[in-house]
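One structure is given below, encoded as structure tokens.
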Amino acid sequence: MEDFQTISIFNFAHEIIVLKSILQNEGIPFLFQNENLISIDPFASIAYGGIHLKVHKNDFERVQEILDNLNTNLEIV
């Protein structure tokens, strides 16, 4: 786990659902630190600094592209 780095931080558990599916389909190893804690107690997000997406340093650029594409293609109706 020492080779894993935080690439993004989310405030609530529902924000990671789509991203989690994309990373699993791409076969990218990842860890959402504090995911279970914050899904049980959403107000703990502030105290624990949110849900940290951690990826291996070799996948950092690839995941950054996925995050950029996900944020660019989001359209709220």
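Residues checked against (1) loosely packed, with under 11 Cβ neighbours inside 10 Å; (2) modelled with pLDDT of 90 or more; (3) over 12 Å from the mean Cα position of the chain (by Cα); (4) of a type outside the set (D, E, K, R):
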| site | (1), (2), (3), (4) |
| --- | --- |
| Phe32 | no, yes, no, yes |
| Ile46 | yes, no, yes, yes |
| Gly49 | no, yes, yes, yes |
| Asn58 | yes, yes, yes, yes |
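Just give me the residues in region 1-20 being open to solvent by less than 40 Å² (accessible area, probe 1.4 Å) and in a helix (DSSP H, G or I), in sequence order.
Narrowing region 1-20 to residues open to solvent by less than 40 Å² (accessible area, probe 1.4 Å): 7-8, 10, 13, 16, 19.
If the condition is that a residue be open to solvent by less than 40 Å² (accessible area, probe 1.4 Å) and in a helix (DSSP H, G or I), then Ala13, Ile16, Leu19 are the ones that fit.
Restricting attention to region 34-44, report how many residues are open to solvent by less than 70 Å² (accessible area, probe 1.4 Å) and either touching a strand residue (DSSP E or B) at 6+ places or on another chain (Cβ under 7 Å) or aromatic (Phe, Trp, Tyr) (or both).
Count: 3.
Do any residues in region 21-45 that are part of a helix (DSSP H, G or I) have Cβ atoms under 6 Å from those of residues that are open to solvent by 40 Å² or more (accessible area, probe 1.4 Å), where the two are at least six apart or on different chains, and which pairs are they?
These pairs meet every condition: Leu23/Phe30; Ala44/Leu37; Ser45/Asn11.
The values are calculated or read from the model by the stated rules, or taken from the named source; none is laboratory data. What you see is a predicted model, and the numbers here were worked out from it, not measured in a lab. Please note: Cβ atoms are built from the backbone with ideal geometry, for glycine as well, and neighbour counts cover all protein chains shown. All accessible areas refer to the heavy atoms of the entire protein, side chains included, with ligands and DNA or RNA removed. Shrake-Rupley method; radii C 1.70, N 1.55, O 1.52, S 1.80 Å.
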